[in-house]
Each structure stands twice: as structure tokens, then as C-alpha cells.
Amino acid sequence: MKTGKADNMLKELDRVVLAVDFPQSQLQAGDMGVIVLVHDDGAGYEVEIFTAEGKTYEVITVEAAQIRPVQALEIAHARPIKA
């Protein structure tokens, strides 16, 4: 039975990729994070961004259009950020 919600809607703990830059947080399109909270049935999300060591760098609020799911044939890339 369908619930009316999209079956492919992003959910908590999904890995995602930023689709736009967030210069105020030194984040760039292509940076990866994990959804920690879903707002309004997927209209927006709280996304946790981690350092390569697994420490939380930032939690940001994004609109649905500002992120996308991680694809199967993508690799992560490391880059430095200012402390």
C-alpha cells in the first residue's frame, strides 16, 4: 500500500552529498554528510558533516534541493579546512 510519500525520500542516517557550496561553513559542493533530522516530510534536513577522522565538523540545515543521495560509483575526496 502506498502512503503518498515518495519511496525514494531521503531519511535519517542516509549519506548525502552537498549540491551547493556553504562558504560560511567552508563547505563545498561535493562534500559528504549524514542526515540526522528530516524536516516537513523531506522539505529540509539537518546534515552532519564529519572530518576524515570521524569527528563532527558542523551540523547544517539544508533545503532538499541543496543535497542529493550518494551514488554507488562515487569516491570520497579529502581536502583541508581552516581551523
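Any read-out appearing in this document is the output of simple, stated calculations on the displayed coordinates, not a laboratory observation. As the structure is a prediction and not an experimental result, all values here were calculated from the model.
Some observations on this one:
- Estimated translational D of the chain in µm²/s (Stokes, Kirkwood radius over Cα pairs; 37 °C; 0.692 mPa s): 245 µm²/s
- Around the amide H of D21, modelled in the peptide plane, lie the amide H atoms of A29, all under 5 Å away and 5 or more residues distant in sequence or on another chain.
- The string of couplings for region 12-25 from the Karplus curve (6.51, -1.76, 1.60, θ = phi - 60°) is 4, 6, 6, 7, 9, 10, 5, 9, 9, 6, 10, x, 5, 10 Hz, one whole number per residue in order, with x for Gly and Pro.
- Couplings 3J(HN,Hα) for region 68-80, derived from phi with the Karplus relation 6.51 cos²θ - 1.76 cosθ + 1.60 (θ = phi - 60°), are 8, x, 5, 9, 4, 9, 10, 10, 7, 9, 8, 8, x Hz, where x marks Gly and Pro.
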